[in-house]
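So the structure is just underneath, and the comments pick up after that.
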């Protein structure tokens, strides 16, 4: 299987908008190659030979975006752990830091990092899965490979921790497989597909698994397989906006603009966000011109 090519710019922008509308963040600047001691398998290079960006570099770059007063407050908070109930103090600080990066600074990577650190410390299935999905959802639209790899390794670590608590968590199994499929953390993407297929073979109605396999098929150019899986997703979940948008993207990549327009139109009734609806409507008009 070839390394995946990323979805079209239009759909990537739309899906990115979805993520950022949910967490109300903006992406941080691109960072350099990882250096120094890293945590949570950051030094373990993937099959491609890439090294992930480091959390130290990510935080350094993000802090350059802050005002002096914000930076002073942040440094004070980071150093506020004292003796006593250290674990609960750390949890409180991690949550404060994540909220700051999400709501005030609006930079995704530090927000997700501190959510992940809190989840690791709390070590509950719910918190670990939530943090893992933050990274997994966002990495799929990140075109900076070293940062995408870092996000994939973070998600992988979190999903694996969640599965240690509950080995029967199918969503975590699919998420773990997706890390391999979209994160380029292995030279054999089939390793990720096999993990997801285990869930599908047990439950063919698992929407998350079917949608993830559809994305994998789409990104590798296996359009017929993607169509079958997306039809299944839409049948099971008629309000699944991502299913409609990916189906439209599929036909657009095939240069079948008539069907692409048809699927974009079908997506409009299930889109709640005005910004995304406007983007899809504009794409419909653009494709109608292409079809002439």
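The values are calculated or read from the model by the stated rules, or taken from the named source; none is laboratory data. As the structure is a prediction and not an experimental result, all values here were calculated from the model. All Cβ positions, even for glycine, are placed from backbone atoms using ideal geometry, and neighbour counts span all protein chains on display.
A few comments on the model shown:
- Residue 121 crowded, with 20+ Cβ neighbours inside 10 Å and either farther than 13 Å from residue 185 by Cβ or modelled with pLDDT of 95 or more (or both): no
- Matching residues in the range 163-174 - criterion: being assigned to a helix (DSSP H, G or I) and either touching a residue at least 12 places away in the same chain (Cβ under 8 Å) or surrounded by 17 or more Cβ atoms within 10 Å (Cβ to Cβ) (or both): 163, 165, 170, 171, 172, 173, 174
- Filter pass, residue 160 being over 30 Å from residue 246 (Cα atoms), assigned to a helix (DSSP H, G or I) and in contact with a helix residue (DSSP H, G or I) (Cβ under 9 Å, 6 or more places away or on another chain): no
- Between 177, 216, 243, the distinction of being touching a residue at least 40 places away in the same chain (Cβ under 8 Å) and either within 28 Å of residue 144 (Cβ to Cβ) or in the same structural domain as residue 162 (by TED's automatic domain parsing) (or both) belongs to 216 only.
- Selected residue [part of a loop (DSSP other than H, G, I, E, B) and farther than 22 Å from residue 189 by Cβ] from 221, 239: 239
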